[in-house]
Amino acid sequence: MSDLAAGSVPRPATVRDDVERALVVVAHPDDVDFGAAGTVASWTAAGIEVGYCICTSGDAGGFDDTPRERMGPLREAEQRAAAAVLGVTDVSFLGYPDGRLVPSIELRRDISRQIRRFRPQRVLTHSPEIFWRRMGASHPDHRAAGEATVAAVYPDARNPFAHPELLAEGLDAWTVPEMWLMAAPEERQDHAVDITATVDRKLAALAAHVSQTAHRSDIGDWVSGLAGAVGRRFGLPEGHLAEAFQVVTIE
């Protein structure tokens, strides 16, 4: 439950204005599109290069009788199509089993590899905390991906002595100065991105995930409802839509 006073606007975070590259690390195909597609669309429109690192291929998802061996490749293709809608072409899949993700040393290493390869000034990932008001946003895989990514950002990716095999691959240490966490508990959310101008691209990206969204006719209303509530909570003009994050500065 939020500890914000009723009707109060969250204190805004200070965010960097010198970001050239941003890496998104999520558990499943479609996670970034449900949680941050409007924001990603605004970044690419501003000239920021965005890359995706997807920890699983979503092989445990879906709502029909698609054979399990086809689900992972299908969802990878859907994610690449959704990424293209937002202007993202750098999409990597780590291949961990869907539904069984844990913040292991191996996962931390593999995320560190992508950070050192892509060299972002900003990393966006899941909050490792439980968002009790929206448990669906706090899937165990989401929290595991968030915890592993936080550890990869600090200290693994910046420490040349962590994961020495990465140095052997020619991947030098890289320091990420800023993290954005999606689906953080409301009392930790301190930055909102106005997505009123990009919500159509968010909906188009979600529509690309046919195996996950084709059975739902309410996606537009659902997105507008959630994003409208965020906009009101952050004091945006009436009718504006927003996505909210916890911003973490790493010294």
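Assorted remarks:
- Count of the range 133-151 residues which are surrounded by fewer than 19 Cβ atoms within 10 Å (Cβ to Cβ) and at pLDDT 95 or above: 2
- Residue within the range 238-247 that is under 14 Å from Thr39 (Cα atoms), buried (at least 16 other Cβ atoms within 10 Å of the Cβ), in contact (Cβ under 8 Å) with a residue 40 or more places away in the chain and touching a Lys or Arg at 6+ places or on another chain (Cβ under 7 Å) present: yes
- Of all residues in the range 216-250, those being under 21 Å from Arg134 (Cα atoms), aliphatic (A, V, I, L, M) and either touching a His at 6+ places or on another chain (Cβ under 9 Å) or not in a helix (DSSP H, G or I) (or both) number 5.
- Check on Ser217, closer than 30 Å to Leu74 by Cβ and surrounded by fewer than 19 Cβ atoms within 10 Å (Cβ to Cβ): yes
- Residues (under 22 Å from Ala207 (Cβ atoms) and in contact with a strand residue (DSSP E or B) (Cβ under 8 Å, 6 or more places away or on another chain)) located in the range 73-105: Glu76, Gln79, Arg80, Ala83, Leu86, Gly87, Val88, Asp90, Val91, Phe93, Asp98
- For the range 197-211, the condition of being modelled with pLDDT under 95, surrounded by fewer than 18 Cβ atoms within 10 Å (Cβ to Cβ) and on the phi < 0 side of the Ramachandran plot holds for at least one residue.
- The helices (runs of 4 or more DSSP H) found entirely in the range 125-215 that carry 3 or more residues being touching a strand residue (DSSP E or B) at 6+ places or on another chain (Cβ under 6 Å) are 140-151.
- Of the residues making up the range 152-183, those that are buried (at least 18 other Cβ atoms within 10 Å of the Cβ) and either among the polar types (S, T, N, Q) or within 23 Å of Gly239 (Cα to Cα) (or both) are Met182, Ala183.
The values are calculated or read from the model by the stated rules, or taken from the named source; none is laboratory data. The structure displayed is predicted, hence computed values, not measured ones. Don't worry about glycine lacking a Cβ; one is built from the backbone with ideal geometry, like all the others, and counts go over all protein chains shown.
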